[in-house]
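The values are calculated or read from the model by the stated rules, or taken from the named source; none is laboratory data. Computed from a prediction, not measured in an experiment: that's the story for all the values here. Here Cβ is always computed from backbone atoms with ideal geometry, including for glycine, and neighbour counts include all displayed protein chains. Heavy atoms of the whole protein, side chains included, go into the accessibility calculation; ligands, DNA and RNA do not. Shrake-Rupley method; radii C 1.70, N 1.55, O 1.52, S 1.80 Å.
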Amino acid sequence: MSLRILISEDQIQTRIKELGAQIDADYPAGELHLVCILKGAFGFLADLSRAIKRDTLIQFMGISSYGKGKTTSGEVKVTKDLDHSVEGANLLIVEDIVDSGVTLSYLTHLLQQRRPRSVRIAALLDKPERRLRPVEVSYVGFKIPDEFVVGYGLDYGEKYRNLRDVCVLENEAA
Ligand code: PRP
(Lines give C-alpha, C1' and ligand atoms only; values in the text may rest on other atoms or scores of the structure.)
Protein backbone atom coordinates (compact mmCIF):
# COMPACT_ATOMS: atom_id res chain seq x y z
CA MET A 1 0.00 0.00 0.00
CA SER A 2 1.23 3.50 -0.77
CA LEU A 3 -0.12 6.97 -0.15
CA ARG A 4 -0.60 9.64 -2.79
CA ILE A 5 -1.48 13.14 -1.63
CA LEU A 6 -4.84 14.16 -3.07
CA ILE A 7 -5.41 17.34 -1.03
CA SER A 8 -2.47 18.90 0.77
CA GLU A 9 -2.42 20.31 4.27
CA ASP A 10 -2.10 23.83 2.82
CA GLN A 11 -5.11 23.36 0.54
CA ILE A 12 -7.16 21.98 3.43
CA GLN A 13 -6.28 24.81 5.79
CA THR A 14 -6.89 27.51 3.18
CA ARG A 15 -10.28 26.05 2.31
CA ILE A 16 -11.31 25.72 5.96
CA LYS A 17 -10.59 29.41 6.55
CA GLU A 18 -12.86 30.22 3.58
CA LEU A 19 -15.59 27.95 4.95
CA GLY A 20 -15.34 29.56 8.39
CA ALA A 21 -15.71 33.04 6.90
CA GLN A 22 -18.66 31.91 4.79
CA ILE A 23 -20.37 30.33 7.80
CA ASP A 24 -19.87 33.50 9.86
CA ALA A 25 -21.35 35.57 7.06
CA ASP A 26 -24.34 33.28 6.47
CA TYR A 27 -25.74 32.90 9.96
CA PRO A 28 -27.64 35.57 11.88
CA ALA A 29 -25.95 36.89 15.03
CA GLY A 30 -25.85 34.43 17.89
CA GLU A 31 -24.42 31.12 18.89
CA LEU A 32 -23.80 28.25 16.52
CA HIS A 33 -24.05 24.64 17.68
CA LEU A 34 -21.46 22.41 16.03
CA VAL A 35 -22.18 18.67 16.06
CA CYS A 36 -19.05 16.63 15.30
CA ILE A 37 -19.68 13.13 13.98
CA LEU A 38 -17.13 10.72 15.41
CA LYS A 39 -14.61 9.66 14.66
CA GLY A 40 -13.50 10.92 11.28
CA ALA A 41 -14.56 14.55 11.72
CA PHE A 42 -12.43 15.30 14.80
CA GLY A 43 -9.71 17.16 12.88
CA PHE A 44 -12.11 19.07 10.68
CA LEU A 45 -14.13 20.07 13.75
CA ALA A 46 -10.99 21.34 15.49
CA ASP A 47 -9.86 23.46 12.54
CA LEU A 48 -13.29 24.61 11.37
CA SER A 49 -14.39 25.65 14.86
CA ARG A 50 -11.31 27.87 15.12
CA ALA A 51 -11.98 29.38 11.70
CA ILE A 52 -15.45 30.44 12.89
CA LYS A 53 -15.28 33.70 14.80
CA ARG A 54 -18.67 33.69 16.54
CA ASP A 55 -19.48 31.85 19.76
CA THR A 56 -19.91 28.13 19.26
CA LEU A 57 -21.09 25.21 21.33
CA ILE A 58 -19.50 21.89 20.44
CA GLN A 59 -21.09 18.50 20.87
CA PHE A 60 -20.10 15.05 19.71
CA MET A 61 -22.18 12.27 18.30
CA GLY A 62 -21.22 8.69 17.46
CA ILE A 63 -22.89 6.89 14.58
CA SER A 64 -22.39 3.48 13.04
CA SER A 65 -24.06 2.35 9.87
CA TYR A 66 -24.76 -1.24 8.98
CA GLY A 67 -24.12 -2.84 5.64
CA LYS A 68 -22.36 0.16 4.18
CA GLY A 69 -21.24 -0.74 0.68
CA LYS A 70 -23.24 -3.95 0.78
CA THR A 71 -26.87 -3.00 1.17
CA THR A 72 -28.95 0.13 0.91
CA SER A 73 -30.91 -0.66 4.04
CA GLY A 74 -29.81 2.64 5.53
CA GLU A 75 -29.89 1.26 9.04
CA VAL A 76 -27.93 3.58 11.27
CA LYS A 77 -27.30 3.31 14.99
CA VAL A 78 -26.42 6.09 17.43
CA THR A 79 -23.49 4.87 19.53
CA LYS A 80 -23.02 8.13 21.43
CA ASP A 81 -25.80 10.66 21.67
CA LEU A 82 -25.58 14.40 22.28
CA ASP A 83 -25.16 15.52 25.88
CA HIS A 84 -27.36 18.62 25.65
CA SER A 85 -30.65 19.70 24.12
CA VAL A 86 -30.51 21.33 20.71
CA GLU A 87 -34.03 22.77 20.80
CA GLY A 88 -34.08 26.20 19.20
CA ALA A 89 -30.41 26.00 18.18
CA ASN A 90 -28.77 26.70 14.85
CA LEU A 91 -27.11 23.31 14.27
CA LEU A 92 -24.21 22.69 11.96
CA ILE A 93 -23.35 19.02 11.51
CA VAL A 94 -19.61 18.63 10.91
CA GLU A 95 -18.58 15.58 8.88
CA ASP A 96 -15.35 14.50 7.24
CA ILE A 97 -16.96 12.90 4.19
CA VAL A 98 -20.32 12.35 2.51
CA ASP A 99 -20.29 9.13 0.56
CA SER A 100 -23.59 7.24 0.07
CA GLY A 101 -25.37 9.90 2.12
CA VAL A 102 -26.99 7.22 4.30
CA THR A 103 -25.43 8.47 7.54
CA LEU A 104 -26.25 12.14 7.03
CA SER A 105 -29.71 11.52 5.66
CA TYR A 106 -30.58 9.56 8.80
CA LEU A 107 -28.87 12.01 11.12
CA THR A 108 -30.49 15.09 9.64
CA HIS A 109 -33.94 13.59 10.14
CA LEU A 110 -33.08 12.48 13.67
CA LEU A 111 -31.84 15.92 14.71
CA GLN A 112 -34.76 17.71 13.06
CA GLN A 113 -37.09 15.81 15.41
CA ARG A 114 -35.39 17.59 18.32
CA ARG A 115 -36.76 20.94 17.15
CA PRO A 116 -33.63 22.95 16.42
CA ARG A 117 -34.08 26.31 14.68
CA SER A 118 -32.05 25.09 11.69
CA VAL A 119 -29.92 22.15 10.60
CA ARG A 120 -27.16 22.43 8.02
CA ILE A 121 -24.21 20.23 7.08
CA ALA A 122 -20.54 21.04 6.62
CA ALA A 123 -18.44 18.27 5.07
CA LEU A 124 -14.78 18.51 4.19
CA LEU A 125 -15.10 15.95 1.40
CA ASP A 126 -17.94 15.03 -0.91
CA LYS A 127 -18.02 12.01 -3.23
CA PRO A 128 -21.15 12.86 -5.25
CA GLU A 129 -20.75 9.83 -7.57
CA ARG A 130 -21.47 7.48 -4.67
CA ARG A 131 -24.71 9.05 -3.49
CA LEU A 132 -27.62 6.73 -2.71
CA ARG A 133 -29.63 9.13 -0.56
CA PRO A 134 -30.09 12.80 -1.39
CA VAL A 135 -28.36 15.04 1.13
CA GLU A 136 -28.09 18.80 1.04
CA VAL A 137 -24.58 19.79 2.07
CA SER A 138 -24.40 23.54 2.64
CA TYR A 139 -20.63 23.76 3.08
CA VAL A 140 -18.37 21.46 1.06
CA GLY A 141 -14.60 21.64 1.31
CA PHE A 142 -13.72 19.59 -1.76
CA LYS A 143 -15.58 17.39 -4.23
CA ILE A 144 -13.47 14.31 -4.86
CA PRO A 145 -13.60 11.36 -7.26
CA ASP A 146 -14.55 7.87 -6.13
CA GLU A 147 -11.17 6.86 -4.71
CA PHE A 148 -10.35 5.40 -1.31
CA VAL A 149 -9.06 8.27 0.80
CA VAL A 150 -7.40 8.35 4.20
CA GLY A 151 -5.84 10.99 6.41
CA TYR A 152 -7.08 14.15 8.10
CA GLY A 153 -9.44 12.04 10.20
CA LEU A 154 -10.23 9.33 7.67
CA ASP A 155 -9.00 5.84 8.39
CA TYR A 156 -8.29 2.45 6.92
CA GLY A 157 -8.59 -0.07 9.74
CA GLU A 158 -8.28 2.82 12.23
CA LYS A 159 -4.91 3.84 10.75
CA TYR A 160 -3.90 7.08 9.03
CA ARG A 161 -6.32 9.39 10.86
CA ASN A 162 -3.40 11.58 12.02
CA LEU A 163 -2.10 12.41 8.54
CA ARG A 164 -2.18 16.14 7.77
CA ASP A 165 -3.06 15.62 4.10
CA VAL A 166 -5.93 13.73 2.50
CA CYS A 167 -4.32 10.87 0.60
CA VAL A 168 -5.41 8.15 -1.78
CA LEU A 169 -4.51 4.72 -0.48
CA GLU A 170 -3.17 2.81 -3.43
CA ASN A 171 -2.34 -0.82 -3.88
CA GLU A 172 1.22 -0.79 -5.18
CA ALA A 173 0.56 -3.80 -7.38
CA ALA A 174 -2.25 -1.96 -9.16
C1 PRP B 1 -17.68 7.79 7.55
C2 PRP B 1 -17.88 9.29 7.60
C3 PRP B 1 -19.37 9.43 7.62
C4 PRP B 1 -19.84 8.25 6.82
C5 PRP B 1 -20.16 8.69 5.44
O6 PRP B 1 -17.72 7.30 8.84
O7 PRP B 1 -17.30 9.87 8.73
O8 PRP B 1 -19.90 9.37 8.92
O9 PRP B 1 -18.76 7.31 6.76
O10 PRP B 1 -20.58 7.61 4.68
P11 PRP B 1 -22.03 7.54 4.03
O12 PRP B 1 -22.28 8.86 3.34
O13 PRP B 1 -21.88 6.39 3.05
O14 PRP B 1 -23.02 7.25 5.10
P15 PRP B 1 -17.26 5.82 9.24
O16 PRP B 1 -18.46 4.93 9.29
O17 PRP B 1 -16.13 5.39 8.35
O18 PRP B 1 -16.78 6.01 10.74
P19 PRP B 1 -15.54 6.84 11.34
O20 PRP B 1 -15.81 8.30 11.06
O21 PRP B 1 -15.57 6.51 12.79
O22 PRP B 1 -14.27 6.36 10.64
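For the chain, with all protein chains present and a 1.4 Å probe, just round the carbon and sulfur fraction of the accessible area to a whole percent. Write down the numbers at each step before the final one.
Working: 4460 of 9200 Å².
Roughly 48 percent, rounded to a whole number.
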Alpha carbon centroid spacing (whole Å) that separates the range 87-118 from the range 1-70: 13 Å
Inter-probe distance in nm under a simple model that places probes 7 Å from Cα toward Cβ, at Q11 and E136: 2.9 nm
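Local charge sum around R117 (other residues, Cβ-Cβ under 14 Å, Lys/Arg +1, Asp/Glu -1)? Please list the in-between numbers first.
Values: positive: R114, R115, R120; negative: D26, E31, E87.
In short, 0.
How much area per residue is accessible in the range 1-154 when the probe is 1.4 Å and only protein heavy atoms are counted (Å²)?
Numbers: 7750 Å² over 154 residues.
I get 50 Å² per residue for this part.
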For the range 1-137, share of DSSP beta bridges that run antiparallel, in % to the nearest 5: 15 percent
Most to least accessible of M61, M1 (protein chains only, probe 1.4 Å): M1, M61
Estimated vicinal HN-Hα couplings, Hz - the range 76-82 in sequence order (Karplus 6.51, -1.76, 1.60; Gly, Pro = x): 10, 10, 7, 9, 8, 8, 5
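In percent, what relative contact order does the chain have, based on Cα pairs under 8 Å that are 6 or more apart in sequence?
Details: 353 pairs, mean separation 43.8, N = 174.
Once divided by the residue count of the chain, the mean separation gives 25 percent.
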Built amide H within the under 5 Å cut-off of L125, gap 5+: I97, V98, G141, F142
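Set the Förster distance to 25 Å, then compute FRET efficiency between S118 and E158 from the Cβ-Cβ distance, nearest 0.05. Don't jump to the answer; show the numbers that get you there.
Details: r = 34 Å, r/R0 = 1.34.
About 0.15, to the nearest 0.05.
Work the Kirkwood hydrodynamic radius out for the chain: mean of 1/r over every pair of different alpha-carbon atoms, inverted, in Å.
16.6 Å
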In range of the label at V78: residues from the range 1-42 whose backbone nitrogen is under 19 Å from the point 7 Å along Cα→Cβ: 33-41
Interchain or long-range residues, amide H under 5 Å from R164's placed H: Y152
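Per residue of the chain, what 222 nm ellipticity follows from adding -39500 (n - 2.57) for every DSSP H run with n ≥ 4, rounded to the nearest 500?
Values: 3 runs with 39 residues, N = 174.
Calculated mean residue ellipticity at 222 nm is -7000 deg cm²/dmol.
Near V168, within a Cβ-to-Cβ distance under 13 Å, what is the net charge of the other residues, with Lys and Arg +1 and Asp and Glu -1? Mind dumping the intermediate values first?
On the way: positive: R4, K127; negative: D146, E147, D165, E170, E172.
After counting each charged neighbour, the total is -3.
Figure the gain on full extension for R4 and D146 (residue separation times 0.36 nm, minus the Cα-Cα span) and round it to one decimal in nm.
Computed gain between R4 and D146 is 49.7 nm.
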